[in-house]
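Colleague: I'd like to ask you about the structure that follows.
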Amino acid sequence: MKKVKLNEEIQQKLDCPYINTIKRHLLDFDFEKLCSISLNNTNVYACLVCGKYYQGKTKNTYAYTHSLEFNHHLFMNLSDSKIYCLPDLYEVIEESLVDIQFNLNPIYTQDRLKQLDQNIEESRALDGSTFLPGYVGLNNLGKTDYCNVILQSLCRVKKLRDFLIFYDEKNTTLTQSFSELFRKIWNDRNYKGHVSPHELLQCIAIKSDKQFQIGKQSDPINFIAWIMNSMKRELGQCKIIQECFEGQLQIEWFRPLINAIGYEQTSIKETKPFYFLTLDIPQVPLHKAEKAGIPHIPIETLLKKFDGQTNKDSSDGRRRFQITKFPKYIIVHMKRFMMNNFFMEKNPTIVSFPLHSLDLGAILGLNKQLKYNLVANVCHEGNAKVGFYKVHVKNLGNGLWYQIQDLHTQIVVPELISVSEAYIQIYEQQ
């Protein structure tokens with residue numbers, strides 16, 4: 001057996017008698033990297049025979065003990081991907097193990113990155129099933145459908161996705177966790193046709209002080225807002241979130257008259273950044289909805305809220321909104337849910353919208369064309385109390401739209417998308 005001296009403690013071997021004991025179908029690197037016994041995340045190794053995680057590799061550690069008790073000899077460090085044989089304690093250098101190391105930490109080149117959006121070739125998982133990289137399902141870990149649709153949607157924001165795929169800063173745990181998940185979602189060599197967001201959601205639960213956690217249903221618009229704010233803070237001088245999503249909104253406020261009906265003639269103007277636009281769906285009285293069926297309204301009508309002329313009145317005055325800077329990606333939030341005096345209500349109105357060439361220039365009365373294409377459509381099915389989220393995304397390579405609901409992925413005809421109960425949408429500027 002060939003040996004190469006690495007240092008005083010660890011040797012490298014170019015072959016190993018236990019290579020054939022590896023069971024790839026038991027390996028799953030989507031979970032939080034904690035020792036299955038100590039629950040510690042320091043110096044953790046994956047047993048390549050049973051797939052469990054253990055701490056350490058030297059004598060009296062959990063991995064070392066496991067190798068003796070169960071005759072499992074090959075372990076991979078979950079931080080640097082190095083593979084060791086225990087209890088002999090040498091590093092295994094073997095070309096046939098590269099696929100395992102790649103699945104722990106998928107690596108992308110610039111050439112491979114350019115091909116992601118045009119790929120139409122399906123990959124084959126170890127169980128024989130096929131999947132299209134980038135359009136794989138995500139495990140619902142317990143009321144996490146609201147998370148999954150946002151993660152799938154952000155995967156369609158090319159500028160953000162490309163940034164995250166090459167991102168590698170260990171001290172920014174949230175952004176790094178996003179990077180790892182995105183690289184797995186687009187991995188064409190994945191051992192299985194789906195990905196679990198478990199590690200990222202555990203990180204989010206900690207970072208959000210359990211505002212968003214497994215087993216607790218939340219609103220996806222609050223989730224995406226939290227993601228953008230948290231990632232902005234973590235990245236500091238890096239402005240990738242602002243470059244993708246930040247626009248500018250001028251708000252003109254007319255205060256109500258004192259002891260009279262109406263509003264002051266002079267207004268107060270201020271300009272604020274925005275990261276998504278909330279569209280107010282008109283409320284329809286229940287008895288009218290029952291007689292006339294489900295009401296429809298075009299998105300163009302709702303977007304006129306931001307033309308600088310349309311009034312929005314409330315108890316503290318009248319406001320007009322005008323977009324003064326348009327972002328590369330516009331996130332639109334349809335305000336469907338509203339709390340009345342007793343419980344949450346859902347507005348079932350169908351908002352119709354184009355899948356491409358939504359011209360904000362024409363809608364808002366600008367003297368130019370400003371067209372956006374839909375890249376993700378999150379919709380909600382069911383009522384306010386019992387329902388679920390799913391998302392529609394487009395494959396640019398074959399031109400087909402896919403409906404993804406947790407683990408389930410299927411092709412969907414465009415006509416069904418435009419009559420869905422849209423809740424959050426992401427548009428990309430042409």
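Colleague: Tell me yes or no: at least one residue of the range 290-309 is modelled with pLDDT under 95, among the polar types (S, T, N, Q) and either open to solvent by 40 Å² or more (accessible area, probe 1.4 Å) or outside any strand (DSSP E or B) (or both).
Modeller: no
Colleague: List the helices (runs of 4 or more DSSP H) inside the range 187-256, counting only whole elements, that have at least 1 residues being closer than 18 Å to Thr172 by Cα and among the aromatic types (Phe, Trp, Tyr).
Modeller: It comes to 220-235.
Colleague: In this structure, does Thr42 turn out to be assigned to a loop (DSSP other than H, G, I, E, B), farther than 29 Å from Leu164 by Cβ and open to solvent by 30 Å² or more (accessible area, probe 1.4 Å)?
Modeller: Here the answer is no, as Thr42 does not meet what is asked.
Colleague: Which of the residues that make up the range 205-230 are touching a residue at least 40 places away in the same chain (Cβ under 8 Å), open to solvent by less than 20 Å² (accessible area, probe 1.4 Å) and over 20 Å from Met334 (Cα atoms)?
Modeller: Matches in the range 205-230: Phe212, Ser230.
Colleague: Looking only at the range 60-69, which residues are modelled with pLDDT of 95 or more and either of a type outside the set (A, V, I, L, M, F, W, C) or under 29 Å from the mean Cα position of the chain (by Cα) (or both)?
Modeller: Matches in the range 60-69: Thr61, Tyr62, Tyr64, Thr65, His66, Ser67, Glu69.
Colleague: Could you list all residues from the range 56-74 that are open to solvent by less than 70 Å² (accessible area, probe 1.4 Å) and under 20 Å from Arg24 (Cα atoms)?
Modeller: Ala63, His66, Ser67, His72, His73, Leu74
Colleague: Something else: Do any residues in the range 12-26 that are assigned to a helix (DSSP H, G or I) have Cβ atoms under 9 Å from those of residues that are of a type in the set (A, V, I, L, M, F, W, C) and open to solvent by 70 Å² or more (accessible area, probe 1.4 Å), where the two are at least six apart or on different chains, and which pairs are they?
Modeller: Within 9 Å, the pairs are Arg24/Leu126; His25/Leu126.
Colleague: Right, another one. Against the condition surrounded by fewer than 22 Cβ atoms within 10 Å (Cβ to Cβ) and not in a loop (DSSP other than H, G, I, E, B), how does Asp162 come out, does it pass?
Modeller: So Asp162 fits the description; yes.
Colleague: Output the qualifying pairs, or none if there are none: Cβ atoms under 9 angstrom, residues six or more apart or on different chains, first residue in the range 268-285 and assigned to a strand (DSSP E or B) and modelled with pLDDT of 95 or more, second residue surrounded by fewer than 18 Cβ atoms within 10 Å (Cβ to Cβ) and among the acidic types (Asp, Glu).
Modeller: Pairs that qualify, where the first residue is assigned to a strand (DSSP E or B) and modelled with pLDDT of 95 or more and the partner is surrounded by fewer than 18 Cβ atoms within 10 Å (Cβ to Cβ) and among the acidic types (Asp, Glu), are Ile268/Glu252; Lys269/Glu252; Glu270/Glu252; Pro273/Glu246; Phe274/Glu246.
Colleague: Hey, Lys368 hits all of (1) farther than 28 Å from Leu160 by Cβ; (2) modelled with pLDDT under 95; (3) open to solvent by 70 Å² or more (accessible area, probe 1.4 Å); (4) of a type in the set (D, E, K, R) but one; which does it fall short on?
Modeller: (1)
The values are calculated or read from the model by the stated rules, or taken from the named source; none is laboratory data. Just so it is clear, the model here is predicted, and its values are computed rather than measured. Because the Cβ atoms are built from the backbone with ideal geometry, glycine has one as well, and the counts that use them run over all protein chains shown. Ligands, DNA and RNA are excluded from the accessible area calculation, which covers all protein heavy atoms including side chains. Shrake-Rupley method; radii C 1.70, N 1.55, O 1.52, S 1.80 Å.
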